[in-house]
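Reading through the structure tokens given below for one structure.
The values are calculated or read from the model by the stated rules, or taken from the named source; none is laboratory data. Just so we're clear, the structure is a prediction, and the values are computed from it rather than from any experiment. Note: ideal-geometry Cβ built from the backbone for every residue, glycine included; neighbour counts use all protein chains shown.
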Amino acid sequence: MKRILLLVEFKLRDLPSCVLLKYMLERRFGYQVRLGPPGSEREAVAEFRPHLVIYSHLRYPESVKRARELRCMGIGVAVLHTEGASILEGPKMVIAGKFSDHSVADIQFVWNQEMAALTKRFHPATADRVHVVGSPRMDFYFAPLNRLHMPKEEFCRRYGLAAERPVVTWASNFGWVRLADQPSAINEVQARYHREGVAQFAPWNNIADVVRRESVSRRLQADAFVELARAFGDVGFVLKTHPIEDGDWYQSLCRAAGVKNVVIVTKEYIWDVLNASSVHLHRSCTTALEAWLMGKPTIDLMLNPEEWYYSEELSRGGDVVTSSKELIECVGTYLSGASVPAGQLVNRDQVLRDWFDRRDGCSAGRHAAIIRDFLESGGTQEPSYRPGWADVCALAKMRVRRLLGLNDHDSLRFWHRETREKFFTDDEARVWMEKIESVLA
């Protein structure tokens, strides 16, 4: 039986789609698939001895070096990008491997034709390893997997909202603000991007300026959101924070403003939030495209004249506002019963095709079939695993964690334990497997 190690980058973004791929590979083709966080790769390889390791990226030199070591042992390497498109040119270049050696990957999964062309341009010798397959994450917006979305009634009950009333949602995406007022941390990050060779592109060319402008954008959007909540006191408002943002900042702001109809959501899957939404607010965010797949009106919040994160492409599929007054008027129009304009619907269809290629709910199945073809065509043999000292130490730590009842990502330094929503537990993966099986079996 062939064995596959699949690394899960972010729980709230990637766990369901990785479990879906695991389901396909195990149920359809009889493989054994193990899920693990990226930091557990070395010990998982030592214990599990996989025939194939699936990374979420090969951006860093140490990842490329490790992938090369795995291939020398007869272990295949695949890349399943969790960020397969971008509104910025710099991230597109990183995804396509301009600054990294992607030739060490036997399989390169990409979301769309644009990223396939870029990847092949930077690595023409391995162009035949690039496969356009869409994003498995988007499979959950199509039948039958969309039956797993939390009903609006349950979502509202969980957060104390009136299910019979409209709900306005806002997805924040201010990941750089965590560096605000930390000049040494900003300098350290900037130096790292120079070492990686990406500092010639935005946003990595001037991190201090990005942090400054993003801090302004967050404050302007949060203030407008509070004013909007005041204007529609009988409507429920939900803020879904980005996984690496601090929800406490928003809680403090809402508490100081005295608004009672706003809830801060940090741990729900985005489709459960959007399923309850009547109007979705965003900042040129991927959540807008996910809202489009559910037919929701979207409003792009461009309130900062110095905003650096804006997509003309995404703006065509929804409304764009530049002031709190415009936001209140636009939301009011949709809450009064207005439908998404026909022109926006046409534009959405084109953008969704450009970003995700085919939108048929079958992306995970395409991934699984390509993996099957690789494993069964002699792409890899039984691994000739040769552990080094680092592997022995990593495996020993894993076994100590097991004895202590810890997860693979938990620190053995008990005085330095932290809970991070980035990581998943075996129970959470098991629950998703049961959910997926309930609609696909």
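Listing for the model above:
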| read-out | value |
| --- | --- |
| Wholly enclosed strands (runs of 3 or more DSSP E) of the range 26-103 bearing at least 1 residues farther than 20 Å from PHE423 by Cα and touching a residue at least 60 places away in the same chain (Cβ under 8 Å) | 52-55, 76-80 |
| Any hit, the range 215-231, residues being assigned to a loop (DSSP other than H, G, I, E, B) and in contact (Cβ under 8 Å) with a residue 60 or more places away in the chain | no |
| Top-ranked residue in the range 122-149 [being of a type in the set (S, T, N, Q) and assigned to a helix (DSSP H, G or I); ranked as modelled with the lowest pLDDT] | THR126 |
| The listed residue being surrounded by fewer than 19 Cβ atoms within 10 Å (Cβ to Cβ) and more than 16 Å from the chain's Cα centre (by Cα), out of TYR60, TYR23, TYR31 | TYR60 |
| Top-ranked residue of the range 221-258 - restricted to ones that are of a type in the set (Gly, Ala, Ser) and in contact with a Cys (Cβ under 9 Å, 6 or more places away or on another chain), ranked as farthest from LEU161 (Cα to Cα) | ALA222 |
| Number of the exception - ASP357 against (1) over 22 Å from the mean Cα position of the chain (by Cα); (2) over 26 Å from PRO166 (Cβ atoms) | (1) |
| Residues within the range 302-339 that are modelled with pLDDT of 95 or more, under 26 Å from the mean Cα position of the chain (by Cα) and under 21 Å from ASN275 (Cβ atoms), tallied | 3 |
| Members of the range 176-200 that are charged (D, E, K, R) and at negative phi | ARG178, GLU188, ARG192, ARG195, GLU196 |
| Qualifying position, being surrounded by 12 or more Cβ atoms within 10 Å (Cβ to Cβ) and at pLDDT below 70, among ASP410, ASP391 | ASP410 |
| Complete set of residues in the range 287-339 that are among the aliphatic types (A, V, I, L, M), closer than 13 Å to LEU352 by Cβ and buried (at least 21 other Cβ atoms within 10 Å of the Cβ) | ALA288, LEU289, ALA291, LEU314 |
| Top-ranked residue of the range 222-257 - restricted to ones that are acidic (Asp, Glu) and closer than 27 Å to ARG13 by Cβ, ranked as modelled with the lowest pLDDT | ASP246 |
| Residue within the range 264-273 that is basic (Lys, Arg), touching a residue at least 60 places away in the same chain (Cβ under 8 Å) and surrounded by fewer than 21 Cβ atoms within 10 Å (Cβ to Cβ) present | yes |
| Selection count where residues are under 24 Å from ARG230 (Cα atoms) and not in a helix (DSSP H, G or I), scope the range 326-347 | 4 |
| Residue within the range 140-147 that is surrounded by 17 or more Cβ atoms within 10 Å (Cβ to Cβ) and small (Gly, Ala, Ser) present | no |
| Some residue of the range 236-245 being surrounded by 18 or more Cβ atoms within 10 Å (Cβ to Cβ), farther than 17 Å from LEU220 by Cβ and charged (D, E, K, R) | yes |
| Test: residue in the range 150-172 that is assigned to a loop (DSSP other than H, G, I, E, B), modelled with pLDDT of 95 or more, under 24 Å from the mean Cα position of the chain (by Cα) and over 28 Å from LEU301 (Cα atoms) | no |
| Neighbours by Cβ (under 6 Å, 6+ apart or cross-chain): first from the range 360-373, buried (at least 24 other Cβ atoms within 10 Å of the Cβ); second hydroxyl-bearing (Ser, Thr, Tyr) | SER363/SER135 |
| Considering residues of the range 83-105 that are closer than 17 Å to TRP204 by Cα and among the β-branched types (Val, Ile, Thr) only, the residue surrounded by the most Cβ atoms within 10 Å (Cβ to Cβ) | ILE95 |
